[in-house]
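Below is one structure, written out as structure tokens, with a few remarks after it.
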Amino acid sequence: MDRLQEVEHKHAQLRALMEQHGADAIWLRRARNIAWFTAGADPVIAADGENGAYSVLVTPDARSIITDPIEAPRIQAEDRIEDLGFTLTISPWYQPVPPQTPHLATDDGAVGDGIATLRRTLTPSEQDRARQIGRETGEAIEEAARAVRPGDTEYQIAARISAACRARGGLAIVTLVAADVRTIHYRHAYATNHVFEKYAMLVVCNRRCGLVISATRFVHVGEVPSGIIEKLHKVAAIDAAAIVGTRPGRTQGDVFADIQAAYAAQGEADQWQYHHQGGLAGYSPREVVATPGDPTMIGIGQLFAWNPSIPGCKSEDTILTLEGGFEIITQTDSYPLIEVTAAGQKVKRPA
């Protein structure tokens, strides 16, 4: 499936959604939905922007980029959007003209949930992009981890994570770093001027082509204390239980029950309560965060990022669900790994 075929496939999905809601058109303004529908175009200027720098109007028979003279030249020359069957509607940046459609549905309105559901299952071409971005994300965070030296501040470590992602065409929309004692106190550790001595946690959510891929790695200088090794094995076992349990036909609630049981088996029964455990990923760091009893169904061709943690340790990679199992797309095999067994299946986790 090439990009044009992917866009045509998604156009057919939105056509069905229009019929379902009695709409003449759907107006996509959310950046994640534009990236999804355009098969990976990047509509973001401000990194934290919820909406794109341009929008997309989709009718049953046509699709148009609504933009201004600022964005139009780049969209035409670099995104090659017209090759994907889009026309451009250009109005002045100081006087934008919204669509004049009688029965218009918007992605922040009635059809928002329907589009979010469509985003969850990746086409074959999206899966290929996810694999590539996953590999690049693993390489980027491991490059940053290998560069850590005593005396570095968490700011400097975070900067290397961001730079390594950017050098590969991505944007680190989340970078968390905790050094030494901060790994015990904070599971969502914003980088600070705290100086690294021996032990650190590095976390990234890397966005490219709209897809967001997550990973966590740890680094230690010198002999690793037995207490840290024990914790690494505990979270690896819990993470493996989640990964193996993420099978099409089950729910996120089913996997959450596996996670709770795995925490208990490791003597850490209550620790799941102190940090979310991750869940369905895709065009957001988490499309759906798993909770006890969560009815969200797991399907083939979906991204998941589980992140079990206990004080001082965490395990996280992004996986792609397959018909016969899973693929860990952020695993490079060039970083130390722990092999653990969950439900009779061996799984490699970062050490």
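Every read-out reported here was derived from the displayed coordinates using simple, explicitly stated rules and does not represent laboratory data. Everything numeric here is computed off the predicted structure, so don't read it as measured data. With ideal geometry, Cβ positions are generated from the backbone for all residues, glycine too; neighbour counts draw on all protein chains shown.
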For the chain: lysine pairs under 23 Å (alpha-carbon distance), excluding those fewer than 8 apart on one chain: 11
Separation between Cα centres of the stretch 306-351 and the stretch 148-213, rounded to whole Å: 20
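Any idea what diffusion coefficient the chain gets from Stokes-Einstein, in µm²/s, Kirkwood Rh on alpha carbon pairs, 4 °C, 1.567 mPa s?
61
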Within the chain, longest stretch clear of exposed GluC sites (Glu not before Pro) (DSSP loop, no more than 10 other Cβ within 10 Å): 1-222
Within a Gaussian network of the chain (alpha carbon springs, distance under 10 Å), most fluctuating of Ala179, Ala191, Ala305: Ala191
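Which of the three applies to the stretch 51-195, rounded, prolate or oblate, going by the alpha-carbon gyration tensor with a ≥ b ≥ c and a/c under 1.5 meaning rounded?
Working: a/c = 2.31, a/b = 2.24, b/c = 1.03.
Taking the square roots of the gyration eigenvalues as a ≥ b ≥ c, the stretch 51-195 is prolate.
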Gained length - Leu4 relative to Ala257, 0.36 nm times residue gap less alpha-carbon distance: 87.0 nm
Order of His21, His11, His103 under a 10 Å beta carbon neighbour criterion, fewest first: His103, His21, His11
Rough spin-label spacing in nm, given labels placed 7 Å along Cα→Cβ, for Ile90 and Asp128: 3.2
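What length, rounded to one decimal in nm, is gained on full extension from Val174 through to Glu323, with 0.36 nm per residue of separation minus their alpha-carbon distance?
Details: separation 149, 0.36 × 149 = 53.64 nm, distance 3.03 nm.
Computed gain between Val174 and Glu323 is 50.6 nm.
With a cut-off of at most 16 other beta carbons within 10 Å, and DSSP calling the residue loop, which chymotrypsin sites (Phe, Trp or Tyr not before Pro) in the stretch 68-116 qualify? Please list them. Display every interim value, and only then the final one.
Details: sites: Phe86, Trp93, Tyr94; in loops: Phe86, Trp93, Tyr94.
Answer by residue number: Trp93, Tyr94.
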The chain: most fluctuating residue of His185, His220, His233 per GNM, C-alpha cutoff 10 Å: His185
Fluctuation leader among Leu28, Leu232, Leu337 - the chain, Gaussian network, Cα springs under 10 angstrom: Leu337
Antiparallel bridges, percent of DSSP beta bridges restricted to the stretch 3-120 (to nearest 5): 55
Antiparallel DSSP beta bridges within the chain, percent to nearest 5: 90
Separation in nanometres of the label points that stand 7 Å from Cα toward Cβ, at Ser226 and Ala264: 2.9
Order of Met201, Met18 - criterion: other Cβ atoms within 10 Å of each residue's Cβ, fewest first: Met18, Met201
For Val174, distant residues with modelled amide H under 5 Å away: Cys205
